[in-house]
1. Under 8 Å for C-alpha pairs, at least 6 residues apart: give me the relative contact order for the chain, rounded to a whole percent.
2. What's the ranking of 239-250, 1-12, 95-106 by average number of surrounding C-beta atoms within 10 Å, highest first?
3. Among the lysines, select those whose C-alpha is under 18 Å from the C-alpha of Lys151, and discard any that sit fewer than 8 residues away in the same chain.
4. If you average the C-alpha positions of the range 99-170 and of the range 240-264 separately, how far apart do those two centres end up, in angstrom?
5. Within 10 Å, count the other beta carbons around each residue, average over each peptide in 257-265, 63-71, 230-238, and list them highest first.
6. So what J values fall out for the range 297-307 if you push phi through Karplus, 6.51 cos²θ - 1.76 cosθ + 1.60 with θ = phi - 60°, rounded to Hz, Gly and Pro as x?
7. Given +1 on the Cβ of Lys and Arg, -1 on the Cβ of Asp and Glu, and no further charges, what dipole in debye does the range 28-337 carry about its Cα centre, rounded to the nearest 20?
8. Tell me the label-point distance for the pair Glu40, Val299, using the 7 Å Cα-to-Cβ offset, in nm and rounded to one decimal.
Amino acid sequence: MKKLIASIQQNKSITKEELNVLLNTKATDIEQYLFSCARETADNIYGKDIYIRGLIEFTNFCKNNCYYCGLRRDNKSVERYRLNKENILDCCKKGYDLGFRTFVLQGGEDAYFTDEKICSIVSNIKENFPDCAVTLSIGEKEKHSYLEYFKAGADRYLLRHETANNEHYSRLHPAELSLNNRKRCLYDLKEIGYQTGCGFMVGSPYQTIDNLYEDLIFIKELSPHMVGIGPFIPQSATPFKNKSAGSLQTTLRLLAIIRLMNPHVLLPATTALGTIHPKGRELGILAGANVIMPNLSPVNVREKYTLYDNKLCTGKESAEGLNSLKKCINEIGYNIVCARGDFRGENNV
Ligand code: SAM
Ligand code: SF4
């Protein structure tokens, strides 16, 4: 089995059978070997540095109705909020003083934030914090909109593809959303010049190993700069409220496999991973992740960004908890650095 892992590391590819074996093995020594190879791969490129991104959840309004997400438009139990430009700039100032050099503006698909408003927010952040990167994560847009945001100074864009299988996509989303358009967005973003991130939830309802294999193939094909994966966690006001959460073990193994197949990729240990296990973030790093995204949103709105139940938003998870997070990361032999943390490598091969 060690040979199998070495061959994935060397060839940066995996077969469906190999994926099956690695996700199902009960041998903990094999699992540990997988994690250590993934860690070695990341260390060779990024050393012991762990990058932080300040996450600003600036609107929880959403016109979409994804079956898994607590921000879906049919969820009437969520109190909706929007941050204005001044609120957002205050978050950036607080983050900058703490050492953040990347701000991630994330939100539902909220028509209130027209292209003009987004561009004005982005250009204001870049004027005030010229040494910082701005990442947008605001869903599917037309190419001309992505281009406007890019011209305004946005550097990166996160848009998880959610699943690379059409049928699975249609079981996670209503008919008005399509995998084709999601993919079109990702290719547009890359073509414009964004550092682009795709990704998926691990253990989302109806997901099969074949689907995961298609996800890995799609990631190779897109060759993104970032890949965001985290466990699916049910939210009590969604159609998937009674579905099971994704597992820690599968998420960690997939993080490691993604690292081996895409050595240069920026790979976060996500909030969802920290939510399903108290040491989820550290375990994610030890399985090959190299990014953490603490919450920089104003404390009074955090509980309203209810993607899933029991989402962490205080403690080590939050920007205020940065010192305690730094300590935990030091304890596992890594360092949180004050840097933009750009993608290293010309292309992801
Ligand atoms: N609206 C934008 C979008 O969909 O790309 C950005 C915000 S959206 C809330 C960010 C990500 O949250 C989604 O891509 C999805 O993978 C994740 N997410 C939503 N509901 C989730 C859940 N129940 N469990 C885990 N992750 C979830
Ligand atoms: Fe809206 Fe994004 Fe949630 Fe879908 S995942 S409902 S697009 S916030």
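The values are calculated or read from the model by the stated rules, or taken from the named source; none is laboratory data. Bear in mind the structure is a predicted one, so any value in this text is a computation, not a measurement. Ideal geometry is used to build each Cβ from the backbone, glycine not excepted, and the neighbour counts take in all protein chains shown. Protein only, heavy atoms only, side chains kept; ligands, DNA and RNA dropped before computing areas. Shrake-Rupley method; radii C 1.70, N 1.55, O 1.52, S 1.80 Å.
1. 25 percent
2. 95-106, 239-250, 1-12
3. Output for Lys151: Lys117, Lys126, Lys141, Lys143, Lys190.
4. Between the Cα centres of the range 99-170 and the range 240-264 lies a distance of 24 Å.
5. 257-265, 230-238, 63-71
6. These are the phi-based 3J(HN,Hα) values: 5, x, 4, 6, 9, 4, 6, 8, 8, 8, 4 Hz.
7. For the range 28-337, the charge dipole is close to 400 debye.
8. The two pseudo-label positions are separated by 4.5 nm.
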